[in-house]
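Step one of this worksheet: look at the structure below.
The values are calculated or read from the model by the stated rules, or taken from the named source; none is laboratory data. Keep in mind that what you see is a predicted model, and the values were worked out from it rather than measured. Every residue, glycine as well, gets a Cβ built from its backbone with ideal geometry; the counts of neighbours run over all protein chains shown. For the accessible areas, the whole protein counts, side chains as well, though only heavy atoms, and no ligand, DNA or RNA atoms are used. Shrake-Rupley method; radii C 1.70, N 1.55, O 1.52, S 1.80 Å.
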Amino acid sequence: MKMEHHLKSCTRNKNKLLTIKFITISFFTLFLVVILFHIQYSSPFDFSLSARSQTRRASLFQENYSNVIEMMTAKLKHSVTFLPLQDSRFRETATTGHTWFMSSLNDTREENEAEYLYFPSKASKGRLLCFKGRDMKDGTKNSYALAWRESLPDSAILLEGLTFISYTYYDHTNLWHGLCAVAPFVRWSMKNECLKPERWVLFHWGELRSRMGSWIQQLMQTNFGEVKVERFDRGDNVPYCFEKAVVMRHEMSQMGQENKLKTFDLLRCKARSYCGISPAGKGREINERGFPIIRLTLLMRRGSRSFKNATVVTDIFSKECARVEGCILHVVQSDDLSFCDQVKVLTNTDIVASPCGAQLTNMLFMDRESSVMEFYPKGWLEYAGSGQYAYHWMANQSGMKHQGAWWDPVGKECPSPQDQWQCFSFHKDGMVGHNETYFTEWARRVIDQVRLMKQEQASAYQANKQQHDSKACVC
């Protein structure tokens with residue numbers, strides 16, 4: 001009985017499978033008939049029309065996409081916002097706190113390096129720096145903005161290559177102030193494969209400047225080659241955007257001492273090479289009788305802050321120099337010297353004695369460990385403030401020895417002693433007297449110090465110096 005039931009159950013399952021197979025085959029056959037019928041009676045162009053329809057839809061999509069891109073690009077162009085280069089809100093802190101030049105942007109800070117801005121960068125979100133306006137009297141009329149290269153403002157001119165943009169609170173014509181403004185670019189270049197700029201852009205208080213002083217320009221030329229100062233003269237109120245730009249706004253304030261020395265070493269080496277002078281400098285340091293050669297230079301100036309009696313001052317230093325075998329005195333007028341003449345004179349100087357003034361910036365060209373003696377008119381000690389120590393700072397930054405200063409105590413008194421600024425203006429361009437006793441003792445002390453130093457260094461000096469100079473011209 002059980003056997004019979006089992007056989008019936010197997011028969012029923014087999015019938016079900018056959019039924020399913022039949023239904024499947026029938027459905028598939030019907031599907032093929034429909035397809036064949038469609039092929040036979042349909043237009044032979046249906047498939048090509050379908051392909052054309054797809055192509056058209058793709059074309060429409062691409063057109064719409066392009067329209068969206070154009071619309072977004074136009075919106076980005078119109079959204080570029082220009083802000084005043086000089087932000088008057090920070091006038092009172094322009095030199096001590098928040099800068100008023102491009103005030104909305106924060107500098108990149110690296111340990112012992114000058115602060116700077118670089119465009120395009122991660123900080124600028126890949127945007128380029130753009131300027132508009134070229135006013136030379138009001139920095140609030142000049143402006144800046146950031147924009148992506150693909151959506152620069154309408155009519156913008158793209159300046160290709162690297163641009164150095166220098167802002168200074170002071171000026172680019174004075175030797176000292178100009179050097180402080182441009183030296184950070186030299187250091188930045190040293191760190192970045194000795195890159196050279198295609199152009200410079202100069203600003204003072206947000207006002208455009210069209211030139212550097214001749215001395216500064218030639219100094220930069222020794223290191224970077226031709227110096228081109230951008231004047232934005234290809235159209236009024238046209239935006240100018242920079243493919244790459246480095247901006248310096250704080251001079252050397254955060255640069256470490258070692259990096260300052262390296263920067264001035266490079267400039268010294270480059271200037272000597274540019275002027276056809278051996279980077280090794282003075283050459284022989286011992287005379288035929290075995291005494292160290294000491295080169296003393298009186299670097300004179302005319303007009304303001306010159307010596308009242310230059311002849312007497314010259315006689316004092318001449319007598320003291322003659323007292324020491326190997327000492328050679330040179331008296332030169334800084335106004336009479338070309339750039340390369342200044343490089344040559346100071347290269348061949350161990351001691352420079354000069355009234356306070358821009359000509360002392362030439363100490364840059366002396367060897368490290370050379371000496372500086374400085375003289376001031378009446379009133380500077382009381383009213384000049386910290387600025388009177390500029391060349392003391394420079395001596396330290398360039399590896400020189402500042403051997404002190406003399407402030408003339410004799411002269412007219414300021415009529416308004418309670419007003420420091422008015423008194424400094426009153427005394428600023430005064431002339432320098434002399435004190436024979438003090439000058440004699442001072443000159444003797446400095447000459448003797450240099451003589452002893454050169455005697456101690458005579459054996460290894462030249463070899464070490466040449467090795468040092470070979471490392472100085474890194475770019």
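Just one of the numbered conditions (1) at pLDDT below 95; (2) open to solvent by less than 10 Å² (accessible area, probe 1.4 Å) is not true of residue 131; which one?
(1)
Any residue that is closer than 30 Å to residue 410 by Cβ and assigned to a loop (DSSP other than H, G, I, E, B) - is there at least one of those in region 322-332?
Within region 322-332, one or more residues are closer than 30 Å to residue 410 by Cβ and assigned to a loop (DSSP other than H, G, I, E, B).
Looking at 335, 341, which is the one that is assigned to a helix (DSSP H, G or I) and at pLDDT below 95?
Only one candidate passes the filter, namely 335.
Counting just the residues of region 420-446 that are part of a loop (DSSP other than H, G, I, E, B) and open to solvent by less than 60 Å² (accessible area, probe 1.4 Å), which one comes out nearest to residue 307 (Cα to Cα)?
433
Restricting attention to region 86-103, and to residues there that are part of a loop (DSSP other than H, G, I, E, B) and open to solvent by 70 Å² or more (accessible area, probe 1.4 Å), which single residue is modelled with the highest pLDDT?
Residues of region 86-103 that are part of a loop (DSSP other than H, G, I, E, B), as a first pass: 87, 94-100, 102-103.
The next check asks that each one be open to solvent by 70 Å² or more (accessible area, probe 1.4 Å); those that pass are 95-96, 98.
Details: 95: 63, 96: 64, 98: 68.
This residue is 98.
Output the residues belonging to region 401-416 that are in a loop (DSSP other than H, G, I, E, B), among the hydrophobic types (A, V, I, L, M, F, W, C) and either touching a helix residue (DSSP H, G or I) at 6+ places or on another chain (Cβ under 9 Å) or open to solvent by less than 80 Å² (accessible area, probe 1.4 Å) (or both).
414
Only one of these conditions is not met by residue 117: (1) outside any strand (DSSP E or B); (2) open to solvent by less than 50 Å² (accessible area, probe 1.4 Å). Which number is it?
(1)
Could you list, in sequence order, all residues of region 399-414 that are at positive phi and out of contact with any Lys or Arg (no Cβ under 6 Å at 6 or more places or on another chain)?
Across region 399-414, the qualifying residue is only 404.
If we keep just the residues of region 136-180 that are in contact with a Leu (Cβ under 7 Å, 6 or more places away or on another chain) and open to solvent by 60 Å² or more (accessible area, probe 1.4 Å), which is nearest to residue 231 (Cα to Cα)?
If we take residues in region 136-180 being in contact with a Leu (Cβ under 7 Å, 6 or more places away or on another chain) and open to solvent by 60 Å² or more (accessible area, probe 1.4 Å), then 136 is nearest to residue 231 (Cα to Cα).
Suppose we filter region 181-237 for residues that are out of contact with any strand residue (DSSP E or B) (no Cβ under 7 Å at 6 or more places or on another chain) and of a type in the set (Phe, Trp, Tyr); how many remain?
The number of residues fulfilling the criteria is 2.
Go through region 343-367 and report how many residues are open to solvent by 10 Å² or more (accessible area, probe 1.4 Å) and without any contact (Cβ under 8 Å) to a residue 60 or more places away in the chain.
Result for region 343-367: 1.
Residue by residue through region 244-280, note down the ones that are part of a strand (DSSP E or B) and crowded, with 20+ Cβ neighbours inside 10 Å.
245, 246, 247, 248, listed by residue number.
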